[in-house]
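S.K.: Sharing a structure with you now.
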Amino acid sequence: MKIHRVKSAGQGQALAAELFAGISDESPDCPVGLATGGTMSGVYSALATNGFRPKFSDAFALDEYQGISPASENSYGNELTRKFTEPLNFQGKIHVPGQGDYAGEQGPEEFEQAITKLGPLSVQLLGIGVNGHIAFNEPGSSFNSKTRVVKLHQETIKSNLVYFDDPASMPTKAVTQGLSTIKQASKLLLLVFGEAKAFALSKAINNPDESTPLAALLDHPGLELITDLNY
Ligand code: F6R
């Protein structure tokens, strides 16, 4: 694993934007993998500030709440439209698990097939949850997992509830790429900032097991960690 130590989240997000642009520009025929959440917002803002224009024509989202309306502000697909597609004038397609072509029971399998057909992804952006989740692969997820519907853990529901105006409307399930799906990307850029994530990072690196989904990715030759933490 290559490690980039940075002084702040902002510096790390700027670096991630630079790396993402360089890698994706080098392989314009390959799709990319996009994540959502606070960490990624800064990366997408930095890309927009730099005037980055995607050369790739397909992007795959990591995850989405199960059954959420694509019009909901809480939909990860919707978030990517607002934070990636619109500011970067992206003319291609973002494939979102559980949405559009990938809704319905066969959706996860069809999503996997689309990655296989259009992939490999040149680069996958990744964050990590306070409880160690990667995408919505919660602690205990199989390292061989594929795209599937999962139940969210209580800690994840608790930390994401703040984003929902009506807490009762928060889905308790999601559709997520699996850990082995994520591993198919040529490069993995993992961004981890802030003390709240120190335990998740240090446990995965120093004491890895199935309770630490990141451990599944540690032997990936293209894994690059960008962090402001010592672990
Ligand atoms: C979202 C995703 C999640 C987030 C993680 C960190 O697509 O895959 O695993 O990366 O929950 O979220 P933030 O950056 O909001 O702390």
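The values are calculated or read from the model by the stated rules, or taken from the named source; none is laboratory data. Bear in mind that the values here come from a model prediction, so they are computed numbers and not experimental data. Cβ placement follows ideal geometry from the backbone for every residue including glycine, while neighbour counts extend to all protein chains displayed. Keep in mind that these areas ignore ligands, DNA and RNA; they rest on the heavy atoms of the full protein, side chains included. Shrake-Rupley method; radii C 1.70, N 1.55, O 1.52, S 1.80 Å.
S.K.: What part of the accessible area of the chain, given as a whole %, is carbon or sulfur when the probe is 1.4 angstrom?
M.R.: Carbon and sulfur together cover 50 percent of it.
S.K.: Using a 1.4 Å probe and ignoring any ligands, DNA or RNA, find the accessible area of Asp166 and quote it in Å² to the nearest 10.
M.R.: 80 Å²
S.K.: For the chain, what does the helix formula give at 222 nm: sum of -39500 (n - 2.57) over DSSP H segments with n ≥ 4, over the residue count, nearest 500 deg cm²/dmol?
M.R.: -8500 deg cm²/dmol
S.K.: Still on this structure: Assuming a viscosity of 1.306 mPa s and a temperature of 10 °C, what translational diffusion coefficient in µm² per second does Stokes-Einstein assign to segment 21-93, Rh being the Kirkwood radius over Cα pairs?
M.R.: 125 µm²/s
S.K.: If I stretch the segment between Asp101 and Asp209 completely, what's the gain in nm (0.36 nm per residue apart, minus their alpha carbon distance), one decimal?
M.R.: 35.4 nm
S.K.: Quick one: net charge around Gly107, please, counting Lys, Arg +1 and Asp, Glu -1 for every other residue with C-beta under 14 Å from its C-beta.
M.R.: Within the 14 Å Cβ shell, the charges total -4.
S.K.: Now for a different question. When the dipole is taken about the Cα centre of the chain, and only Lys, Arg (+1) and Asp, Glu (-1) are charged at their Cβ, what size is it in debye, to the nearest 20?
M.R.: Computed about the Cα centre, the dipole is about 400 debye.
S.K.: Rounded to whole Å, give me the distance from the Cα center of segment 168-231 to that of segment 98-165.
M.R.: The distance from the Cα centre of segment 168-231 to that of segment 98-165 comes to 12 Å.
S.K.: Farthest toward the dipole's positive end in the chain, which of Thr39, Pro120, Met170, given Cβ charges of +1 (Lys, Arg) and -1 (Asp, Glu) about the Cα centre?
M.R.: Thr39
S.K.: For Phe199 and Lys173, what is the calculated FRET efficiency with R₀ set at 22 Å and r taken between the beta-carbons, to the nearest 0.05?
M.R.: 0.30
S.K.: Please sort through the DSSP H helices of the chain and keep those with an alpha-carbon extent of at least 15 Å along the long axis and a Kyte-Doolittle average not below 0.5.
M.R.: Long hydrophobic helices here: 38-49.
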